[in-house]
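To start, the structure itself, in C-alpha cells.
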Amino acid sequence: MASSPCGNSNFDSGLEIKTRSVEQTLVPLVSQITTLINHKDKPKKSERTQAAIHRVGQAVSVAVGRFVTVGEAIATENQELKDEMGQACFEARRAGDAIAQLTDVGSALPSQSDGLVTVFSDRTGMVKAARLLLSSVTKVLVLADRIVIKQIITSRNKVLVTLDHLERVSTFQEFVQIFSQFGNEMVEFAHLTGDRQNDLKDEKKKARMAAARAVLEKCTMMLLTASKTCLRHPDCESARINKDAVFHRMRCALEQVIEIVTEARSCGENKILPVSIYNGIKDFKSSVQCLRENLNSLSPQSVGSQLEALVERTEDFTDSAYTSHEQRQAILGLCQLARQDTQQLVQSWAEAQSVHAKEATEDMEVAILKTCQSVSDLRRELHKVAVIRASDLLKVHGEQLPLQALKAAGAEGNLEAVAEYSRTLTEQKEQLVENCRLLCHVSGTEPLEITCIHAEETFHVIGPQIISAAQTLALHPSSKIAKENLEVFCEAWDSQLCDMALLLREINDVFEGRRGDKRSYLSLPRPGKHSANLKTAKAVKLDAEEQTSMAKLGLELRLLSSDVDTEVEKWEEQEHDIVRQSQSLASMAYNMYLFTRGEGLLKTTLDLFHQAEVLSEEGLQLCSSLLSFSTQLVDEEKSVVMTEMEKMVALCQQLQMGAKTPVQGKTATFQKVDSSIQTTRGILTVVLSLLPSCNKLTRKYKSERSSLGSPQDWRERPDASTPVKEEGALNNKNTNGFGAKSLEQHMAGLNLLESK
C-alpha cells in the first residue's frame, strides 16, 4: 500500500496510487495540511501566523468543496460507483469542514497575559481530520481513475467487436464500410491508451504498454492490406495464413493492454523476466560488497553459486555461431579471471573469520575490489560484443537485399526464387532474434529489457509474414493488392530495424551514464485554463487518415534525429555550442516524430506549432554559433559553412513564420502540420551535412594549434569580409527547449486542488 505523497506514514490512505495524475493532484493538499500540522506544538499564535493558518484552513475547505462537487457529478454519471464515490465525497466534505472549523479565527480565544490568540489547540482532532481528508480524497481520485480504466476497456471491446466483423466480411464494399468504423475506434483507443501509458508511474508497465501499442499501430495497416488481399484471392492459402497472423497478433496486443490497465493476474508484467547478465552482475557485486560490513552476511558457497549462475548465462554469447573466435576467447578468459578473483576472496574471507575479525581485513578489501572489477570487465566485454554485432546487423540489413529480391521474385511469379530468398530472410531473422536476446542481457534497465523482448518477438513474427506475403504475390504476380501487401510488411520490418537502432542508442546511453531526465505527462482529465499564449488558438488532434499520411514524414524525422545524435557523439568537445544546439534540435525533432504517432509530450497541433517555433529559435542560435565558427576559417572552408548556414537561416525563418501564422479549419491546420514537419526535416538535413565538416575543421585547427604552440592564432585571425555585428534573427538569444517549463506551468494550473 502506498502512503501519501508527502512520505508521512501517518497519512497512509490505504490505497495504492498508480498514476502520476492522481499523485500530483494530491500534492497541494498534502502541502497545505503539512503547514497546519507543523504548528501543532504552538497553540498560541501571533496575529500574522493566526491569519495565515486561517487562510490555509479556509483554502483547504473551499478546494475540497469544489473537488467534492466534481466527485458527486462523476458518481451521478456512473451508477456502479455511486455508493462508493458518494461515501468518499461525504467523508471528504466532513473532513474539510472539520479543518475549517479547527482553524476558524472566530473560535479562537485571546490570552489576557500576552495578547496572543489560542487557535488550533485540538491537535488530535486536526490529525484525525487530516488523515480522513487525505484518505477520502485519495479514494475519490482512485475511483475516478477507474472511470478512465473503464473507458479503455469499453473502447477495447468496441474494437474487438468490429475486428470480428472485419474478419468475417466477404465483399469489398462491406469491408470498406467496417474498416472505416474500425479506424475511428482505433484512433480513440490509441489516444486513451497513450495518455494512460504516459501517466503510469511503473516504468515496466509503461514499457509493456508501449510495446503493445506499437504492435497495434503497425498491425492496423497490415490488417488493411492482408484483408484486401484475402478478399481478392479467397482461395489462396498463403494469403489466408498472412491475414490470420495479423488478426491473432492484434487480439493478443489488445488483451495485453487490458491486462496492464486492470492488473490481471495473467499480465505479462507478473511473469518473471529472464534474468539478465546485467542484473546478475549487479546482484553479485552487491552480495560481495556486503561482506565489508558483515562477514557472515552470506556463505562462501552462495557466492560461488552466484558466480557460476552468472557464468552460465554468458553461454548465450559463447555458444552463438555468430560470435567470433576472438570474442569467445575474451569472454571465457574474463569468466576464468572472475573465478580466480572470487576464489582469492573466499580464501581471504576464511582467514578473516579464523582470527574472528569483525570487519573486512585489508587483504579481503583488495580481493573484494578485484572481484568487482573482474565482473565489471566481463560486463563491459559482453556489452561490446552485443552492441558491435547489433550495429553490424543494422548496417547489413539496412541495404534490404533479401527484401528487394523477394519483391522482385514475387513480381516475376518465381516461386523457386521466393523460396531461396525466404531462407536468406529466415537466417537474417534468426540473427536479429538472437541479437535481441544478447541486448536484453546488457540493456541495463527493466524497461529496456522489455523493449528488447518486444523487438525479438516482432522480428520472430514479421519474418514469416513477409514470406507468406511474397508467396501470395508469386502465385498472383499481376495482383496490385498482393504487391502492396508485401510492401507494407517489408516497411514494418524496416520500421522495426529503425526501432532497434534507437534501442541500441538507449542501451549505450544507460551503459555510459548519459540518460536524460524524463518529462511526465499527466492524463487524468482536469479542469483549468491554458496559459495565456495559447488562448486564441484551437487545439486539434489528427485523425487516423491524417496520422497515416504523417507517418512517413515522421519516420524520416526520427531517422534524421538519430543520425544527428550519432554525428555529435563523434565530437571530442561535447560542450561545444554547435554540439549542444544540434542535440537540442534533434531532441525537439524527435518530439515532433512522436506526435505523428500520437505519442509523447506533443498532444495537439497547438503543441506541435509551439515546438516548431522553439525549434526555429534554437536553429537560429545554431546559425549564430556557425557564424562565429566561420570567422576562424580560411576562404574555401568558410564558403562551405556559410552556404549551408544561409540555407538553415532561410528554413528557420520559414518555420518560424509558418508556426506563428494563424489558420482556420481542419484542412488548413493539417497543411500547416505537414509544412512544419517538412521544414523541420530540411533543417535537420542541413545540420547533418554540416556536423562532419565542422568536426573535421575543429580537429584540424586544434591539431595546428597544438603543433604551432600558439592557441590563439586561429581563433584571432581577422577577416574583413565578416561583419562583427550579427544582425536580425541571429541575435535572438531565446534558447528555451520545448515548453518543458511552459508544460509544467500549464499542468500546475490544472490541479483540482488549488494551493493558495
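The values are calculated or read from the model by the stated rules, or taken from the named source; none is laboratory data. On a predicted model such as this, the values are computed, not experimentally measured, just so you know. Neighbour counts run over all protein chains shown; Cβ positions are idealised from the backbone, glycine included. Side chains are part of the model used for accessible areas, which takes the heavy atoms of the whole protein and leaves out ligands, DNA and RNA. Shrake-Rupley method; radii C 1.70, N 1.55, O 1.52, S 1.80 Å.
Here are the numbers for the structure shown:
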item: Pairs from K139/K603; K647/K702; K228/K483; K150/K218 whose Cα-Cα separation, in the structure shown, is over 20 Å; result: K139/K603; K647/K702; K150/K218
item: Å² per residue, accessible surface of the range 555-688 at 1.4 Å; result: 38
item: R168, R379, R196, reordered so the largest accessible area comes first (probe 1.4 Å); result: R168, R379, R196
item: Most to least accessible of R580, R423, R597 (protein chains only, probe 1.4 Å); result: R423, R580, R597
item: Among S374, T342, Q404 the positive-end extreme of the charge dipole of the range 342-417 (Cβ point charges); result: Q404
item: Over the range 210-251, equivalent-ellipsoid semi-axes from the Cα gyration tensor in Å; result: 22, 9, 5
item: Dipole of the range 245-385, positive end: most advanced residue of Q327, L307, M364 [Cβ charges, Cα centre]; result: Q327
item: For the range 176-264, size of Cβ-based charge dipole, Lys and Arg +1, Asp and Glu -1, in debye; result: 240
item: Exposure of I241 as accessible area (Å², to 10), given a probe of 1.4 Å and all protein chains; result: 80
item: Angstrom value of the Kirkwood radius, inverse mean 1/r, which spans all Cα pairs in the range 383-458; result: 13.6
item: Area projected by the alpha carbon convex hull of the range 192-341, averaged over all directions, nm²; result: 14.7
item: All Cα pairs of the range 349-403, percent lying beyond 14 Å; result: 70
item: Listed pairs K82/K206; K204/K282; K205/K395 exceeding 22 Å between Cα atoms; result: K82/K206; K205/K395
item: C-alpha center-to-center spacing [the range 583-620, the range 418-443] in angstrom; result: 34
item: Normalised contact order of the range 626-694, rounded percent, pairs of Cα under 8 Å and 6 or more residues apart; result: 35
item: At q = 0.24 Å⁻¹, base-10 log of I(q)/I(0) for the range 169-257 (Debye sum, equal scatterers on each alpha carbon); result: -1.17
